[in-house]
1. Spelling out what I want: for every residue of segment 635-644, take phi, set θ = phi - 60°, compute 6.51 cos²θ - 1.76 cosθ + 1.60 (Karplus), and round to whole Hz; glycine and proline get x.
2. Could you tell me what fraction of 2.2 N^0.38 Å the Cα radius of gyration of segment 179-252 comes to, as a two-decimal ratio?
3. Taking the Cβ of residue 627 as the center, what net charge do the other residues with Cβ under 10 Å away carry, scoring Lys and Arg +1 and Asp and Glu -1?
4. In whole Hz, with x marking every Gly and Pro, tabulate ³J(HN,Hα) for segment 4-20 from phi via Karplus 6.51 cos²θ - 1.76 cosθ + 1.60, θ = phi - 60°.
5. Go through segment 89-102 residue by residue and turn each phi into a ³J(HN,Hα) via Karplus (6.51, -1.76, 1.60, θ = phi - 60°); whole Hz please, and just put x for glycine and proline.
6. Please work out whether segment 336-441 counts as rounded, prolate or oblate from its C-alpha gyration tensor, where a ≥ b ≥ c are the square roots of the eigenvalues and a/c under 1.5 means rounded, while otherwise a/b larger than b/c means prolate and anything else oblate?
7. Can you grab the distance from the C-alpha centre of segment 206-235 to the C-alpha centre of segment 245-297, Å, no decimals?
8. Expressed as an acute angle from 0 to 90° and rounded to the nearest 10, what is the orientation of the C-alpha long axis of helix 116-125 relative to the principal long axis of the chain?
Amino acid sequence: MLRRILIANRGEIACRVIRSAKALGMHTIAVYSDADANAQHVKMADSAFHIGPAPSKSSYLDMDKLFAVAEQAGADCIHPGYGFLSENEAFAQMCEQKGITFIGPYAKSIEAMGSKTRAKEIMADANVPLVPGYYGDKQEPDFLAAEADKIGYPVLIKAAYGGGGKGMRVVRDKRDFLSALEGAKREAISSFGNDLVLIERYVDNPRHVEVQVFADKHGNCVYLGDRDCSLQRRHQKVIEEAPAPGLSDTMRKAMGEAAVRCAQAIDYVGAGTVEFLLCGEEFFFMEMNTRLQVEHPVTEMVTGVDLVKWQIEVASGAQLPLSQEQVTISGHSFEARLYAEDPSQQFMPSSGTLTHLRFPTQTQDVRVDTGVTCGDEISSFYDPMVAKLIVKADNRTHALALLERSLNETFVGGVSANIDFLIALCQAKPLQDATMDTHFIDNHCDELTAQPQPDHLTMAMAAWVYYCHLQAKDAKRSSPWTQLCGFKLNSVNEIKVPLADHDIVLHANTSGLMLDIDGESYSLKGEHLGDGTYIAVVNGQRLSADATIDEDTLTVLLCGRQYAFNLTSKHYIGAEQAGSDALAAPMNGTVVKHLLTLGSDVKQGDAIVVMEAMKMEYTLNAPFDGVLTSYCYGEGELVSHGALLAVVEEHS
């Protein structure tokens, strides 16, 4: 029996593994970087060890440091989590060489699926359907362009050693192929250390359905149902569900058996996921992820299986506890990925301190997997996930309604969050009708990311929050605003609430508060409960909201929608003025590539410079017609949020 487990990961992933390991009575060992010294996974573990500076390549990806900790802590096994080194064959091989149990597949199995080109060859031999494409090692740009011509446009360029949408480009016109190839290879080498790519036919309007497989060291292999992961952006999943809706029993069985053939073809051990493109009545193999998936909780909810517990037990040499005939699926489950990002700004990741955090009450049907709590920091060095909300109900309709309700009860303060976007997805007819495909978000992004417009009740709540903020601020000094009966000759006390784009004035007299909003008057009273929750009574209507306020922004969560009000007491840039900041770094990151030579004439919207932050590339474009006169940072240099990266001057 394995007894001392080192978790070579961080955040929500490490917390998830720690919970199951502790339930098995194991001693849990965490590792942490400078940025994670006070992280929740460090606090949860029985022991924790520092492994270096914040950048993952100097900490969580440094295998020598991880093995040094394993030796020092007496670990007899390592769980890689999902991400980082979880699909690194060299890491698994080193575990085998050092006599440490790797809680995952054999190194040879990771290697077989690590190259998408070799994986396609193996799947062809295993009689698993493939998308037409080129999967060879020849990588000359002109040769790949010729192969794309043979396949026919549109084509998909995909990093052979990639995942998570990185190193991936869709090309619809042959004129764009070479530039897309360059970008895909650049992102692939940055993310995976290998720029080998494959080219395949791009299937329009498919669904993304994957099968959870599990194998032990005794030759047993089962599939634990399927999941639909069609709701994606940038090829990264947003909402997942199990089981996949609308599949016939025949199709479900065929996909499950194909997934098992895939696992058996590479002598697989442990948890794995085989991903398919579903096109009508056809399905095609995409790839096999030789690890546990982020979305594994939906499978756990409908099967009643703890997949991490199974991983540890199988790694210890145990047989699978269930045969295929004993695997049952009950009910329906959804998972939503809650990220610190701003959907209205092209999903720009957001870093900072979580000043407020509220999740729905957890029950057997509502689960929250997270690695943060209020006061923690969302770092620009790592993936900006805040939590995963997972729900289960007796059928799909009820499960989707429960997911929406759970999102309505969630509030994140201090950073931008995608809650409203997730709620909009829940309300979208294609998701409700199960007619969504992998392009749904891209095709309807504007309507899904439209910011909710506040009504007067919402603005009244914002005014009450601001008033309470003033009271707290003035509590230690005498001020007429700390009392409703303050005296002012021939007038009532009056203060303008500094919400941008709205004319809001508070009046205080002996009768209480009156509020003028854009010329309409309301009575206002309430209380602040002290934990970020506010009660306001507006013209006799009682409202309850979560809210935060800082020097720049007042954020209100009311009736399940989140509203962010800019405060005009600080410098405020309206949307129509934001063009001048188009070439400023949207966050801390690294300059990747200068796209044009100095002195080039540019048109508004032309791509100027590429930067990388939070594992994604961002292209900054010219704010107006002009001449590119300078680059402020060289390729490879680190830049801070707001730093000007290039200068475009208007034509004189």
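1. Whole-Hz 3J(HN,Hα) from phi for segment 635-644: 4, x, 7, 7, 10, 9, 4, x, 5, 6.
2. Values: Rg = 16.8 Å, N = 74, 2.2 N^0.38 = 11.3 Å.
It is 1.48.
3. So the surrounding residues net to -4.
4. 10, 10, 9, 9, 8, 6, 8, x, 4, 4, 5, 4, 4, 5, 4, 4, 5
5. For segment 89-102, the Karplus curve yields 5, 5, 5, 4, 5, 5, 4, 4, 5, 8, x, 9, 5, 8 Hz.
6. Oblate, because a/c is 1.5 or more while a/b does not exceed b/c.
7. 4 Å
8. 50 degrees
Quick note: the coordinates plus some simple rules give every number you see, no bench work behind them. These numbers were taken from a predicted model, which means no experiment stands behind them. Here Cβ is always computed from backbone atoms with ideal geometry, including for glycine, and neighbour counts include all displayed protein chains.
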